[in-house]
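Please read the structure below before turning to the comments.
The values are calculated or read from the model by the stated rules, or taken from the named source; none is laboratory data. Predicted, not measured: the structure shown is a model, and the values here were computed from it. Please note: Cβ atoms are built from the backbone with ideal geometry, for glycine as well, and neighbour counts cover all protein chains shown. Side chains are part of the model used for accessible areas, which takes the heavy atoms of the whole protein and leaves out ligands, DNA and RNA. Shrake-Rupley method; radii C 1.70, N 1.55, O 1.52, S 1.80 Å.
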Amino acid sequence: MKSFTFDASPGRVMFGAGAINHLPREVEQLGASRALVLSTPQQAELASDLSTQLGERSVGIYPHAVMHVPTEVARKAIEEAARLGADCIVAAGGGSTIGLAKAIALQSALPFLAVPTTYAGSEMTPIYGLTEEGLKRTGRDPRVLPKIVIYDPCLTLDLPLKMSIASGFNAIAHAAEALYADNANPISQLMAEEGIRALVHGLPGLKEDLRDLNSRSDCLYGAWLCGAVLGMSNMALHHKVCHVLGGRWNLPHAETHTVILPHVLAYNAAAVPSAMGRIERAMSTPNAVSAIVALMQRLGAPMSLEKLGMKRTDLVRAALLVMELPYHNPRPVTYEAVLALLEDAFTGRVNCS
Ligand code: NAD
(Lines give C-alpha, C1' and ligand atoms only; values in the text may rest on other atoms or scores of the structure.)
Protein backbone atom coordinates (compact mmCIF):
# COMPACT_ATOMS: atom_id res chain seq x y z
CA MET A 1 0.00 0.00 0.00
CA LYS A 2 1.36 3.45 -0.91
CA SER A 3 1.78 6.06 1.83
CA PHE A 4 -0.94 8.65 2.05
CA THR A 5 -2.40 11.52 4.06
CA PHE A 6 -6.02 11.45 5.15
CA ASP A 7 -7.64 14.68 6.34
CA ALA A 8 -10.86 13.87 8.16
CA SER A 9 -13.36 16.71 8.25
CA PRO A 10 -13.86 18.02 11.73
CA GLY A 11 -17.35 17.90 13.13
CA ARG A 12 -20.15 15.72 14.33
CA VAL A 13 -22.71 13.97 12.13
CA MET A 14 -26.08 12.68 13.23
CA PHE A 15 -27.86 10.46 10.73
CA GLY A 16 -31.28 8.85 10.67
CA ALA A 17 -35.02 9.23 10.41
CA GLY A 18 -36.04 11.57 13.21
CA ALA A 19 -32.49 12.83 13.82
CA ILE A 20 -33.82 16.36 13.49
CA ASN A 21 -35.54 15.92 16.87
CA HIS A 22 -32.09 16.36 18.41
CA LEU A 23 -31.74 19.87 16.97
CA PRO A 24 -32.26 21.78 20.26
CA ARG A 25 -29.76 19.55 22.07
CA GLU A 26 -27.25 19.94 19.23
CA VAL A 27 -27.55 23.74 19.23
CA GLU A 28 -26.84 23.56 22.95
CA GLN A 29 -23.87 21.33 22.16
CA LEU A 30 -22.49 24.23 20.10
CA GLY A 31 -22.61 26.33 23.25
CA ALA A 32 -25.24 28.50 21.52
CA SER A 33 -28.64 29.71 22.62
CA ARG A 34 -29.70 32.14 19.89
CA ALA A 35 -29.90 30.40 16.48
CA LEU A 36 -30.84 32.09 13.22
CA VAL A 37 -32.41 29.54 10.85
CA LEU A 38 -31.63 29.95 7.13
CA SER A 39 -33.50 28.58 4.14
CA THR A 40 -34.51 29.49 0.61
CA PRO A 41 -37.92 31.21 0.19
CA GLN A 42 -39.23 27.83 -1.09
CA GLN A 43 -38.29 26.13 2.20
CA ALA A 44 -39.42 28.90 4.55
CA GLU A 45 -41.94 26.53 6.12
CA LEU A 46 -39.16 24.10 7.07
CA ALA A 47 -37.13 26.98 8.56
CA SER A 48 -40.17 28.08 10.49
CA ASP A 49 -40.79 24.55 11.82
CA LEU A 50 -37.18 24.26 12.98
CA SER A 51 -37.37 27.68 14.60
CA THR A 52 -40.50 26.59 16.47
CA GLN A 53 -38.77 23.38 17.51
CA LEU A 54 -35.88 25.43 18.88
CA GLY A 55 -38.25 27.64 20.87
CA GLU A 56 -36.27 30.06 23.01
CA ARG A 57 -33.07 28.94 21.34
CA SER A 58 -34.16 30.55 18.04
CA VAL A 59 -34.06 34.26 17.26
CA GLY A 60 -35.93 33.78 13.98
CA ILE A 61 -35.63 32.74 10.37
CA TYR A 62 -33.87 34.18 7.34
CA PRO A 63 -35.55 32.53 4.31
CA HIS A 64 -33.68 34.42 1.59
CA ALA A 65 -30.95 32.05 0.39
CA VAL A 66 -30.61 31.90 -3.40
CA MET A 67 -28.39 30.00 -5.83
CA HIS A 68 -24.67 30.93 -6.00
CA VAL A 69 -24.59 33.11 -2.83
CA PRO A 70 -24.67 36.72 -4.08
CA THR A 71 -22.45 38.85 -1.78
CA GLU A 72 -25.40 41.18 -1.18
CA VAL A 73 -27.52 38.34 0.22
CA ALA A 74 -24.64 37.24 2.47
CA ARG A 75 -24.10 40.84 3.67
CA LYS A 76 -27.79 41.24 4.55
CA ALA A 77 -27.85 37.88 6.34
CA ILE A 78 -24.84 38.87 8.44
CA GLU A 79 -26.51 42.19 9.31
CA GLU A 80 -29.71 40.37 10.29
CA ALA A 81 -27.77 37.91 12.44
CA ALA A 82 -26.04 40.82 14.20
CA ARG A 83 -29.30 42.77 14.63
CA LEU A 84 -30.97 39.74 16.25
CA GLY A 85 -27.93 38.91 18.38
CA ALA A 86 -27.63 35.42 16.86
CA ASP A 87 -24.83 33.26 18.23
CA CYS A 88 -25.15 30.42 15.71
CA ILE A 89 -26.63 29.60 12.32
CA VAL A 90 -28.82 26.64 11.40
CA ALA A 91 -28.85 26.10 7.62
CA ALA A 92 -31.75 23.95 6.40
CA GLY A 93 -31.76 23.12 2.70
CA GLY A 94 -29.58 22.28 -0.28
CA GLY A 95 -26.27 23.63 -1.50
CA SER A 96 -27.64 27.17 -1.89
CA THR A 97 -28.68 27.53 1.75
CA ILE A 98 -25.57 25.79 3.04
CA GLY A 99 -23.53 28.06 0.77
CA LEU A 100 -25.07 31.10 2.47
CA ALA A 101 -24.21 29.69 5.91
CA LYS A 102 -20.63 29.15 4.73
CA ALA A 103 -20.39 32.78 3.60
CA ILE A 104 -21.68 33.92 7.01
CA ALA A 105 -19.28 31.61 8.85
CA LEU A 106 -16.37 32.91 6.80
CA GLN A 107 -17.10 36.56 7.45
CA SER A 108 -18.59 36.53 10.93
CA ALA A 109 -17.04 33.45 12.60
CA LEU A 110 -20.53 32.36 13.77
CA PRO A 111 -20.62 28.54 14.13
CA PHE A 112 -23.18 26.73 12.01
CA LEU A 113 -25.16 23.54 12.03
CA ALA A 114 -26.23 22.10 8.67
CA VAL A 115 -29.47 20.25 7.95
CA PRO A 116 -29.02 19.11 4.32
CA THR A 117 -32.13 18.35 2.28
CA THR A 118 -30.56 17.54 -1.13
CA TYR A 119 -27.66 15.31 -2.20
CA ALA A 120 -25.28 18.16 -3.20
CA GLY A 121 -22.88 17.43 -0.30
CA SER A 122 -21.68 21.00 0.25
CA GLU A 123 -21.95 20.56 4.05
CA MET A 124 -18.98 18.15 3.89
CA THR A 125 -16.59 20.43 2.00
CA PRO A 126 -14.43 23.40 2.99
CA ILE A 127 -15.25 24.93 -0.44
CA TYR A 128 -17.26 28.16 -0.55
CA GLY A 129 -18.52 30.33 -3.38
CA LEU A 130 -19.56 34.00 -3.51
CA THR A 131 -21.01 35.80 -6.52
CA GLU A 132 -20.48 39.49 -7.18
CA GLU A 133 -21.68 41.25 -10.32
CA GLY A 134 -22.28 37.92 -12.04
CA LEU A 135 -18.82 36.54 -11.23
CA LYS A 136 -18.61 33.55 -8.88
CA ARG A 137 -15.38 33.17 -6.98
CA THR A 138 -14.67 30.05 -4.98
CA GLY A 139 -12.17 29.27 -2.27
CA ARG A 140 -11.26 26.72 0.36
CA ASP A 141 -11.27 27.53 4.03
CA PRO A 142 -11.79 25.13 6.95
CA ARG A 143 -13.77 27.86 8.77
CA VAL A 144 -16.72 27.28 6.42
CA LEU A 145 -17.27 23.69 7.57
CA PRO A 146 -20.31 23.22 9.81
CA LYS A 147 -19.59 22.11 13.36
CA ILE A 148 -22.53 19.69 13.29
CA VAL A 149 -24.50 18.06 10.46
CA ILE A 150 -27.92 16.51 10.97
CA TYR A 151 -28.96 14.20 8.11
CA ASP A 152 -32.61 13.30 8.46
CA PRO A 153 -34.04 11.52 5.41
CA CYS A 154 -37.57 12.50 6.53
CA LEU A 155 -36.70 16.07 5.51
CA THR A 156 -35.92 14.94 1.96
CA LEU A 157 -39.26 13.24 1.26
CA ASP A 158 -40.60 16.28 -0.61
CA LEU A 159 -37.58 16.82 -2.85
CA PRO A 160 -39.21 16.48 -6.30
CA LEU A 161 -38.26 13.45 -8.41
CA LYS A 162 -36.39 15.36 -11.12
CA MET A 163 -34.31 17.24 -8.54
CA SER A 164 -33.70 14.08 -6.52
CA ILE A 165 -32.38 12.21 -9.55
CA ALA A 166 -30.16 15.06 -10.77
CA SER A 167 -28.90 15.73 -7.24
CA GLY A 168 -28.10 12.01 -6.84
CA PHE A 169 -26.02 11.93 -10.04
CA ASN A 170 -24.34 15.17 -8.94
CA ALA A 171 -23.21 13.26 -5.84
CA ILE A 172 -22.09 10.23 -7.88
CA ALA A 173 -19.97 12.58 -10.02
CA HIS A 174 -18.16 13.82 -6.88
CA ALA A 175 -17.30 10.24 -5.94
CA ALA A 176 -16.30 9.21 -9.45
CA GLU A 177 -13.73 12.00 -9.65
CA ALA A 178 -12.53 11.29 -6.11
CA LEU A 179 -11.75 7.70 -7.16
CA TYR A 180 -9.12 8.87 -9.65
CA ALA A 181 -8.04 12.12 -7.95
CA ASP A 182 -4.30 12.72 -7.84
CA ASN A 183 -4.57 12.77 -4.04
CA ALA A 184 -6.91 9.75 -3.76
CA ASN A 185 -6.15 7.42 -0.85
CA PRO A 186 -7.51 4.05 0.30
CA ILE A 187 -9.96 5.66 2.73
CA SER A 188 -11.38 8.21 0.30
CA GLN A 189 -11.74 5.45 -2.32
CA LEU A 190 -13.56 3.25 0.17
CA MET A 191 -15.96 6.08 0.95
CA ALA A 192 -16.44 6.98 -2.73
CA GLU A 193 -17.25 3.41 -3.70
CA GLU A 194 -19.68 3.02 -0.81
CA GLY A 195 -21.28 6.40 -1.65
CA ILE A 196 -21.89 5.30 -5.25
CA ARG A 197 -23.22 1.94 -4.07
CA ALA A 198 -25.72 3.61 -1.72
CA LEU A 199 -26.95 6.05 -4.37
CA VAL A 200 -27.36 3.52 -7.18
CA HIS A 201 -29.25 1.37 -4.71
CA GLY A 202 -31.45 4.22 -3.45
CA LEU A 203 -32.24 6.26 -6.55
CA PRO A 204 -34.33 3.63 -8.41
CA GLY A 205 -36.56 3.27 -5.34
CA LEU A 206 -37.41 6.97 -5.58
CA LYS A 207 -38.78 6.47 -9.08
CA GLU A 208 -41.15 3.84 -7.64
CA ASP A 209 -42.08 5.83 -4.55
CA LEU A 210 -40.67 9.27 -3.96
CA ARG A 211 -41.47 9.10 -0.24
CA ASP A 212 -39.93 5.69 0.42
CA LEU A 213 -37.88 6.26 3.56
CA ASN A 214 -35.41 3.41 2.94
CA SER A 215 -34.53 4.73 -0.52
CA ARG A 216 -34.30 8.26 0.85
CA SER A 217 -31.99 7.01 3.62
CA ASP A 218 -29.73 5.22 1.14
CA CYS A 219 -29.51 8.33 -1.05
CA LEU A 220 -28.77 10.69 1.83
CA TYR A 221 -26.14 8.34 3.26
CA GLY A 222 -24.55 8.11 -0.20
CA ALA A 223 -24.68 11.88 -0.58
CA TRP A 224 -22.86 12.30 2.74
CA LEU A 225 -20.02 10.01 1.63
CA CYS A 226 -19.82 11.56 -1.84
CA GLY A 227 -19.76 15.08 -0.35
CA ALA A 228 -17.05 14.04 2.09
CA VAL A 229 -14.80 12.74 -0.69
CA LEU A 230 -15.47 15.87 -2.75
CA GLY A 231 -14.14 17.87 0.19
CA MET A 232 -10.93 15.86 0.52
CA SER A 233 -10.04 15.21 -3.14
CA ASN A 234 -8.62 17.29 -5.96
CA MET A 235 -11.22 17.43 -8.69
CA ALA A 236 -10.43 16.83 -12.38
CA LEU A 237 -11.90 17.32 -15.86
CA HIS A 238 -15.53 16.67 -14.88
CA HIS A 239 -15.62 19.45 -12.31
CA LYS A 240 -13.66 21.81 -14.54
CA VAL A 241 -16.20 21.39 -17.37
CA CYS A 242 -19.13 21.84 -14.97
CA HIS A 243 -17.61 24.95 -13.38
CA VAL A 244 -17.19 26.50 -16.82
CA LEU A 245 -20.74 25.65 -17.92
CA GLY A 246 -22.32 26.72 -14.63
CA GLY A 247 -20.19 29.82 -14.16
CA ARG A 248 -20.26 31.20 -17.71
CA TRP A 249 -23.67 29.98 -18.99
CA ASN A 250 -25.48 29.68 -15.68
CA LEU A 251 -26.63 26.13 -16.46
CA PRO A 252 -28.40 24.40 -13.54
CA HIS A 253 -25.85 22.89 -11.15
CA ALA A 254 -26.99 19.31 -10.47
CA GLU A 255 -28.37 18.75 -13.98
CA THR A 256 -25.10 19.89 -15.59
CA HIS A 257 -23.10 17.47 -13.43
CA THR A 258 -25.53 14.71 -14.43
CA VAL A 259 -25.23 15.34 -18.17
CA ILE A 260 -21.42 15.57 -18.10
CA LEU A 261 -20.81 12.53 -15.83
CA PRO A 262 -20.88 9.68 -18.42
CA HIS A 263 -18.86 11.67 -20.97
CA VAL A 264 -15.93 12.33 -18.66
CA LEU A 265 -16.12 8.78 -17.30
CA ALA A 266 -15.93 7.46 -20.87
CA TYR A 267 -13.05 9.81 -21.65
CA ASN A 268 -11.02 8.77 -18.59
CA ALA A 269 -12.02 5.09 -18.40
CA ALA A 270 -9.00 3.53 -20.08
CA ALA A 271 -6.60 5.66 -18.01
CA VAL A 272 -8.09 4.68 -14.64
CA PRO A 273 -9.02 0.97 -14.68
CA SER A 274 -8.96 0.58 -10.90
CA ALA A 275 -11.35 3.52 -10.38
CA MET A 276 -13.64 2.05 -13.02
CA GLY A 277 -13.36 -1.31 -11.26
CA ARG A 278 -14.64 0.26 -8.04
CA ILE A 279 -17.62 1.85 -9.82
CA GLU A 280 -18.32 -1.49 -11.49
CA ARG A 281 -18.18 -3.27 -8.14
CA ALA A 282 -20.49 -0.66 -6.60
CA MET A 283 -22.96 -1.11 -9.46
CA SER A 284 -22.47 -4.88 -9.94
CA THR A 285 -21.76 -4.38 -13.62
CA PRO A 286 -18.93 -5.20 -16.05
CA ASN A 287 -18.96 -1.70 -17.61
CA ALA A 288 -19.21 1.45 -15.49
CA VAL A 289 -19.98 3.87 -18.32
CA SER A 290 -22.78 1.89 -19.92
CA ALA A 291 -24.24 1.09 -16.48
CA ILE A 292 -24.30 4.82 -15.58
CA VAL A 293 -25.94 5.66 -18.93
CA ALA A 294 -28.51 2.88 -18.50
CA LEU A 295 -29.35 4.08 -14.98
CA MET A 296 -29.68 7.67 -16.18
CA GLN A 297 -32.04 6.59 -18.96
CA ARG A 298 -34.06 4.37 -16.65
CA LEU A 299 -34.50 7.17 -14.12
CA GLY A 300 -35.25 9.88 -16.71
CA ALA A 301 -32.14 11.91 -15.83
CA PRO A 302 -31.22 14.86 -18.06
CA MET A 303 -28.98 13.63 -20.89
CA SER A 304 -28.14 16.62 -23.07
CA LEU A 305 -26.71 20.11 -22.68
CA GLU A 306 -29.10 21.30 -25.38
CA LYS A 307 -32.06 20.45 -23.15
CA LEU A 308 -30.43 22.48 -20.34
CA GLY A 309 -30.41 25.58 -22.55
CA MET A 310 -26.85 25.50 -23.93
CA LYS A 311 -26.40 26.78 -27.49
CA ARG A 312 -24.36 24.77 -29.99
CA THR A 313 -22.57 27.96 -31.04
CA ASP A 314 -21.16 28.33 -27.50
CA LEU A 315 -19.40 24.96 -27.42
CA VAL A 316 -16.15 26.25 -28.93
CA ARG A 317 -15.97 29.05 -26.36
CA ALA A 318 -16.69 26.54 -23.58
CA ALA A 319 -13.91 24.23 -24.77
CA LEU A 320 -11.46 27.14 -24.83
CA LEU A 321 -12.45 28.12 -21.28
CA VAL A 322 -11.96 24.53 -20.06
CA MET A 323 -8.43 24.65 -21.47
CA GLU A 324 -7.63 27.84 -19.52
CA LEU A 325 -6.06 26.84 -16.21
CA PRO A 326 -6.96 23.15 -16.67
CA TYR A 327 -7.29 20.92 -13.61
CA HIS A 328 -5.15 17.80 -13.27
CA ASN A 329 -6.74 14.88 -15.16
CA PRO A 330 -5.60 11.25 -15.36
CA ARG A 331 -5.83 11.30 -19.18
CA PRO A 332 -4.18 14.28 -20.89
CA VAL A 333 -6.73 16.86 -21.99
CA THR A 334 -6.62 18.56 -25.39
CA TYR A 335 -8.83 21.26 -26.85
CA GLU A 336 -10.03 18.88 -29.58
CA ALA A 337 -10.94 16.21 -27.03
CA VAL A 338 -12.87 18.67 -24.86
CA LEU A 339 -14.74 20.03 -27.87
CA ALA A 340 -15.66 16.50 -28.97
CA LEU A 341 -16.78 15.68 -25.41
CA LEU A 342 -18.95 18.82 -25.28
CA GLU A 343 -20.45 18.07 -28.69
CA ASP A 344 -21.41 14.60 -27.46
CA ALA A 345 -22.80 16.04 -24.23
CA PHE A 346 -24.75 18.58 -26.27
CA THR A 347 -26.64 15.85 -28.09
CA GLY A 348 -26.55 13.29 -25.28
CA ARG A 349 -24.71 10.66 -27.32
CA VAL A 350 -22.26 8.74 -25.10
CA ASN A 351 -19.35 6.71 -26.40
CA CYS A 352 -19.60 3.64 -24.11
CA SER A 353 -16.91 1.49 -25.77
P1 NAD B 1 -30.42 24.20 -4.12
O2 NAD B 1 -29.91 24.27 -2.74
O3 NAD B 1 -30.31 25.42 -4.97
O4 NAD B 1 -31.95 23.75 -4.06
C5 NAD B 1 -32.77 23.83 -5.21
C6 NAD B 1 -34.22 24.10 -4.80
O7 NAD B 1 -34.74 22.95 -4.14
C8 NAD B 1 -34.33 25.25 -3.81
O9 NAD B 1 -35.50 25.98 -4.10
C10 NAD B 1 -34.50 24.52 -2.48
O11 NAD B 1 -35.17 25.28 -1.53
C12 NAD B 1 -35.31 23.32 -2.90
N13 NAD B 1 -35.16 22.18 -2.01
C14 NAD B 1 -34.02 21.72 -1.43
N15 NAD B 1 -34.27 20.65 -0.69
C16 NAD B 1 -35.61 20.40 -0.79
C17 NAD B 1 -36.47 19.40 -0.25
N18 NAD B 1 -36.00 18.41 0.51
N19 NAD B 1 -37.77 19.45 -0.55
C20 NAD B 1 -38.24 20.42 -1.38
N21 NAD B 1 -37.48 21.40 -1.93
C22 NAD B 1 -36.18 21.38 -1.64
O23 NAD B 1 -29.78 23.00 -4.96
P24 NAD B 1 -28.48 22.09 -4.69
O25 NAD B 1 -28.29 21.31 -5.93
O26 NAD B 1 -28.60 21.38 -3.40
O27 NAD B 1 -27.30 23.13 -4.51
C28 NAD B 1 -26.76 23.82 -5.62
C29 NAD B 1 -25.77 24.87 -5.13
O30 NAD B 1 -24.87 24.30 -4.21
C31 NAD B 1 -24.93 25.45 -6.27
O32 NAD B 1 -24.79 26.84 -6.07
C33 NAD B 1 -23.60 24.76 -6.10
O34 NAD B 1 -22.52 25.52 -6.59
C35 NAD B 1 -23.54 24.57 -4.60
N36 NAD B 1 -22.68 23.43 -4.20
C37 NAD B 1 -21.56 23.71 -3.50
C38 NAD B 1 -20.73 22.69 -3.10
C39 NAD B 1 -19.52 23.00 -2.29
O40 NAD B 1 -18.79 22.10 -1.91
N41 NAD B 1 -19.26 24.25 -2.00
C42 NAD B 1 -21.05 21.35 -3.40
C43 NAD B 1 -22.20 21.09 -4.13
C44 NAD B 1 -23.03 22.15 -4.52
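Once you mark the trypsin sites (Lys or Arg not before Pro) that are in a DSSP loop and have at most 13 other Cβ atoms within 10 Å, what is the longest gap between them in the chain? Intermediate results must be reported in sequence, preceding the final value.
Details: sites that count: Lys2, Arg211, Lys311, Arg349.
Counting at most 13 other Cβ atoms within 10 Å as exposed, the longest clean stretch of the chain is 3-210.
How much of the DSSP bridge set in the chain is antiparallel, in percent, rounded to the nearest 5?
25
Which value, in debye to the nearest 20, gives the size of the charge dipole of the chain about its Cα centre, when Lys and Arg are +1 and Asp and Glu are -1 at the Cβ?
380
Using Cα centres only, tell me the gap between the range 334-353 and the range 125-181 in whole Å.
Measuring centre to centre over Cα atoms gives 25 Å.
When ligands, DNA and RNA are left out and all protein chains stay put, how many square angstrom of accessible area per residue does the chain have with a 1.4 Å probe?
42
Taking a spot 7 Å from the Cα of Leu84 along the direction of its beta carbon, which residues of the range 1-38 have an amide N less than 20 Å from it?
Backbone N within reach: 20-38.
As a test of the formula, what do you get for the chain when each DSSP H run with n ≥ 4 contributes -39,500 (n - 2.57) and the sum is divided by the residue count, at 222 nm and rounded to the nearest 500 deg cm²/dmol? Intermediate results must be reported in sequence, preceding the final value.
Details: 13 runs with 182 residues, N = 353.
Mean residue ellipticity, 222 nm, calculated: -16500 deg cm²/dmol.
Which whole-number percent is the relative contact order of the range 128-205 (Cα, under 8 Å, 6+ apart)?
Taking the mean separation of contacting Cα pairs over the length of the range 128-205, I get 20 percent.
Taking only C-alpha pairs under 8 Å that are 6+ residues apart, what is the relative contact order of the range 117-169 in percent?
Over the range 117-169, the number comes to 44 percent.
Taking a quarter of the surface of the Cα convex hull of the range 230-353, what do you get in nm²? Before the final figure, lay out the partial values.
Numbers: hull surface 29.8 nm².
Approximately 7.4 nm², given one-decimal rounding.
Whole Å is fine, so just give me how far the alpha carbon centre of the range 51-98 lies from that of the range 254-321.
When both Cα centres are located, 35 Å separates them.
Translational diffusion coefficient, Stokes-Einstein: compute it for the chain using the Kirkwood radius over C-alpha pairs as Rh, at 4 °C and 1.567 mPa s, and state it as an integer in µm² s⁻¹. Please list the in-between numbers first.
Working: Rh = 20.4 Å.
My calculation gives 64 µm²/s for D.
Could you give the longest part of the chain that holds none of the GluC sites (Glu not before Pro) found in DSSP loops with at most 12 neighbouring Cβ atoms within 10 Å? The partial results should precede the final answer.
Values: sites that count: Glu133, Glu324.
Here the longest segment lacking exposed loop sites spans 134-323.
If I compute solvent accessible area with a 1.4 Å probe over the protein chains, what percent of it on the chain is carbon and sulfur?
Solvent-exposed carbon and sulfur of the chain make up 53 percent of the total.
Compute the FRET efficiency between Gln297 and Arg331 as 1/(1 + (r/R0)^6), taking r as their Cβ-Cβ distance and R0 = 22 Å, and round to the nearest 0.05.
0.30
Please state the relative contact order of the range 87-137 as a whole percent: Cα pairs under 8 Å, 6+ residues apart?
About 39 percent, as a whole number.
Could you give the longest part of the chain that holds none of the chymotrypsin sites (Phe, Trp or Tyr not before Pro) found in DSSP loops with at most 16 neighbouring Cβ atoms within 10 Å?
7-353
Report D for the range 6-139 in µm² per second (integer): Stokes-Einstein, Kirkwood Rh on Cα pairs, 4 °C, 1.567 mPa s.
Translational D for this selection: 88 µm²/s.
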